[in-house]
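Asks: My structure is below; once you've seen it, I'll send some questions.
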Amino acid sequence: IRTAGVAGLYRHWLPTAAEMSTMGLFFGGYEWSRRSLQKTLDVSCGTGEKPSWAGPVTSFLAGGFGGSLFWIFAFPFETIKHRLMTQPLEKPVYSSPVHCLRSLVASESTMALWRGFLPAILRTFPANGATFVTYEAVVQLFSGAHQIR
């Protein structure tokens, strides 16, 4: 605020908004894969009841898939946002997100948009899997249900 004023709080909102537009893939990917896994992994063995581990395992796998799908599409936006936000305020390297994209691709190639992707994707599967197992457990806790969806 001292250097850029209140307007500085909204600097680089465009790449952030673009990245957040892919959140539908995160939640949509989770829900689609959860439903698909529930049908595919029908482990009731004819008894009509699913084992207690089926819900958390399904949520973990679906959460990992949803998180991975999100990062596959969001990572280039994250790279651009990071470059913009870490440039010096006194002498910015990039004038806009489009300028950042063009400069990055011209000087470092398209693959520069994916630099650091492997550690992010390796982290995201278990992290988002655990997030959705927790989410489903909290939904169960507050709804009074006895079985995770």
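No value in this document is a laboratory result; all are computed from the given coordinates. Everything numeric in this text was worked out from a predicted model, so none of it was measured. In this analysis, Cβ positions are derived from the backbone assuming ideal geometry, glycine residues included, and neighbour counts consider all displayed protein chains.
Asks: Once phi is turned into θ = phi - 60°, what whole-Hz ³J(HN,Hα) does the Karplus curve with 6.51, -1.76 and 1.60 give for every residue of region 32-40, x standing for Gly and Pro?
Replies: Values per residue, Gly and Pro as x: 4, 5, 5, 5, 5, 5, 4, 6, 6 Hz.
Asks: I've got another one for you. Taking the inverse of the average 1/r across all pairs of different Cα atoms in the chain, what Kirkwood radius in Å do you get?
Replies: Details: mean 1/r = 0.0560 Å⁻¹.
Result for the chain, one decimal place: 17.9 Å.
Asks: Report the FRET efficiency, 1/(1 + (r/R0)^6), for A137 and M20, where r is their Cβ-Cβ distance and R0 is 30 Å, rounded to 0.05. Provide the component values of the computation, followed by the final result.
Replies: Numbers: r = 26 Å, r/R0 = 0.86.
Efficiency computed from Cβ-Cβ geometry: 0.70.
Asks: May I pose another question? Local charge sum around Q87 (other residues, Cβ-Cβ under 12 Å, Lys/Arg +1, Asp/Glu -1)?
Replies: Values: positive: R11, K81, R83, K91; negative: E90.
Residues near Q87 contribute +3 overall.
Asks: Can you give the direction-averaged projected area of the convex hull of the alpha-carbon atoms in region 73-149, in nm²? Don't skip to the end; give the middle numbers.
Replies: On the way: hull surface 30.3 nm².
Mean shadow area of the hull around the Cα atoms is 7.6 nm².
Asks: I've got another one for you. Convert each backbone phi in region 100-114 into a coupling constant with the Karplus relation 6.51 cos²θ - 1.76 cosθ + 1.60 (shift: θ = phi - 60°), then list the ³J(HN,Hα) values in order as whole Hz, x for Gly and Pro.
Replies: 4, 4, 4, 5, 5, 5, 5, 8, 10, 5, 4, 5, 4, 5, 10
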